[in-house]
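Here's the structure, in structure tokens; my notes come after.
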């Protein structure tokens, strides 16, 4: 995989991660609560979700490289 392909793959993975984070934030906005205690709990849950998504970069890259390798291998 050359440098350009690697950067394109990283870009694709990062866009997917950003989309997942935006979706999680939208869910939090829709589920906004009345009490401050519940809001604080939801905020910490959101931080955990974002950390989980951000921590999955290596796994996502590996999966994309594997998928891309199988796709390209089957086409040649």
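The values are calculated or read from the model by the stated rules, or taken from the named source; none is laboratory data. All values derive from a computational prediction rather than experimental measurement. Here the Cβ is made from the backbone with ideal geometry for all residues, glycine too, and neighbour counts use every protein chain on show.
Kindly establish whether residue 72 is loosely packed, with under 13 Cβ neighbours inside 10 Å, modelled with pLDDT under 80 and farther than 23 Å from residue 1 by Cβ.
no
Check whether at least one residue in region 28-41 is in a helix (DSSP H, G or I) and under 16 Å from the mean Cα position of the chain (by Cα), and report yes or no.
There is no residue in region 28-41 that is in a helix (DSSP H, G or I) and under 16 Å from the mean Cα position of the chain (by Cα).
What is the number of the single condition among (1) assigned to a helix (DSSP H, G or I); (2) modelled with pLDDT under 85; (3) surrounded by 11 or more Cβ atoms within 10 Å (Cβ to Cβ) that residue 58 does not meet?
Among (1) assigned to a helix (DSSP H, G or I); (2) modelled with pLDDT under 85; (3) surrounded by 11 or more Cβ atoms within 10 Å (Cβ to Cβ), residue 58 violates only (3).
Would you say residue 50 is part of a helix (DSSP H, G or I), surrounded by 12 or more Cβ atoms within 10 Å (Cβ to Cβ), within 12 Å of the chain's Cα centre (by Cα) and at pLDDT below 85?
Answer is yes for this residue.
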